[in-house]
1. Quick one: Gly430 ticks every box in (1) crowded, with 19+ Cβ neighbours inside 10 Å; (2) small (Gly, Ala, Ser); (3) under 14 Å from Ala482 (Cα atoms) except a single one, so which number is it?
2. Count, please, the residues in the range 140-165 that happen to be hydrophobic (A, V, I, L, M, F, W, C), in a loop (DSSP other than H, G, I, E, B) and crowded, with 22+ Cβ neighbours inside 10 Å.
3. Considering only residues that are of a type in the set (Lys, Arg) and free of Cβ contacts under 8 Å to residues at least 24 places away in the same chain, which ones fall in the range 432-458?
4. Would you point out which residue out of Trp269, Trp288 is in a loop (DSSP other than H, G, I, E, B), assigned by TED's automatic domain parsing to the domain that holds Glu237 and closer than 21 Å to Leu163 by Cα?
5. With the structure loaded, tell me whether Met303 is in the same structural domain as Gln414 (by TED's automatic domain parsing), crowded, with 21+ Cβ neighbours inside 10 Å, within 27 Å of Glu181 (Cα to Cα) and in contact with a Ser or Thr (Cβ under 9 Å, 6 or more places away or on another chain) or whether it fails that test.
6. When you go through (1) under 24 Å from the mean Cα position of the chain (by Cα); (2) surrounded by fewer than 22 Cβ atoms within 10 Å (Cβ to Cβ) one by one for Arg270, which number turns out not to apply?
7. Would you check which residues across the range 222-236 are assigned to a helix (DSSP H, G or I) and under 19 Å from the mean Cα position of the chain (by Cα) and list them?
8. Filtering the range 37-88 down to residues that are among the aromatic types (Phe, Trp, Tyr) and surrounded by fewer than 17 Cβ atoms within 10 Å (Cβ to Cβ), which residue is farthest from Met1 (Cα to Cα)?
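The values are calculated or read from the model by the stated rules, or taken from the named source; none is laboratory data. Since the model is a prediction, treat every value here as computed from it, not as a measurement. So basically every Cβ, Gly included, is an ideal-geometry build from the backbone, and we count neighbours across all protein chains shown.
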Amino acid sequence: MRIVEGLRGRVPMQMTLSLRPDYASIVPWVEPAPDGVVATAGPDAFRLSTGLPLEVVDGTVRAEFLAIEGARERLTLTWHLSYEETPPVEDADSALARTEAWWREWSERCAYRGPYRDEVLTSLIVLKAMTFETTGAVIAAPTTSLPEDIGGERNWDYRFCWLRDSVLALEALLMSGFTEEALGFRDYLLRVGTGDPTKIQIMYGISGERRLTEFELEELPGYEGSKPVRIGNAASEQFQLDVYGEVLGVAFFGTTVMGRIEERFWPRWRTVVDHVETIWREPDDGIWETRGPRRHFTHSKVMAWVVFDRAVRLCEQFGMEAPLDRWKRTRDEIHREVCEQGYDRERRTFTQYYGSKELDASVLTIPLVGFLPGTDERVTGTIDAISRDLGRDGFVSRYSTADTDDGLSGDEGQFLACSFWLVSALALNGRVEEARALFERLLGLANDLGLLAEEYDVKRQRQVGNFPQAFSHLTLIGAATAISAADSAGQTAS
């Protein structure tokens, strides 16, 4: 819906509507309607309702008018299935009032009262807006193929639900008092992420679809010449060990916040743990969905540790039946292995994968998931190494595209979620003022509506990647919470 209000004087305006459904492959048939036009393209139909005089040329609708002081023009575009009756059109002014009232009521339920509350609330609104009401799924972004490298090939379809976002989303929603949304998302994850553990994927469609076959639209030029434009995501077929940690993280966090465990869920979670016992020693594709060789990625092993750590804690807290001693031994074995093979003692930092010299910002999550205390000297060294070697103007890259074989050409921007992870790690490391300074710089990258993309290109000084990005907003909430907890701890200590 669009409302054009004349504030003063007389301003010439033009409206253009060029509908091209199915990724610009169809020019719809447009015909007049009593209050505008109707456009039909195969299964899709669109109705533009307005009191303005319209002109149709080659499937494009135009209107020219004057915005005059005190006058309001309304334009409403609706979609429906072409073989169904056109639904009633709501008046734009009443829809605006109703929508604003609904969002105000929803926002007033926010229970977060810590620092940066406005920014946290904006991020929660973004998550709610990217939630499929029917199933509870939260998509990573509502866009596809917005480039991470302007003019390059790092263009992906993010209109799906990633399991790794799940723990962050549940924590953010539950911490902020939005229990209904959190449980809706949890139930979605239980439907798609449990059952046969060998079939768990890293991402699903908004209704739980598994087949997310990737293909390219060669006829489209791409955003600012960034080709190819991709539909679907081949990473859905990758093996990423960390997703099992996400599933158990969801189970643990949901039950501890609710104070109870639903026993019908325990057999599903136990099958996941049993499966990870058989696969955690295998190399995987890693958190960043690189299209290079499989490795023993340090972050993946840490998340395998999370599987057994959370399973043990669930058993101890709720008395569930399980091979507790064996799971504890596996948990401790993974911990020892990561600290021995994923840590570079000379450089005092955790590395991207076992035996490598490359760095990876994903290991900043080591203190965030409780693998090591935030003040551990190995965490301190890792923070310093990543800030120094992966930082650009203070913001953090996921990894060095020059040193890491990710199967792609070109560079990419600085990953905002990693920079927010750095904020959280600094806060847990006791460097609260450093954390606050970086956090406020990151807030300054948002657009006028407080929205964040996936990355920030320091060289071009602009946001890049799919937009808005749930991962960026989720880690913003986590960083604000970490600063708030550090402030509270400091006040208690003093």
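1. Answer for Gly430: the failing condition is (1).
2. The total comes to 6.
3. Selection gives nothing.
4. Answer to the selection: Trp288.
5. When the stated conditions are applied, Met303 passes them.
6. The one condition Arg270 does not meet is (1).
7. Applying the first criterion (assigned to a helix (DSSP H, G or I)) to the range 222-236 yields 223-225, 234-236.
Matches in the range 222-236: Ala234, Ala235, Ser236.
8. In this case the residue turns out to be Tyr83.
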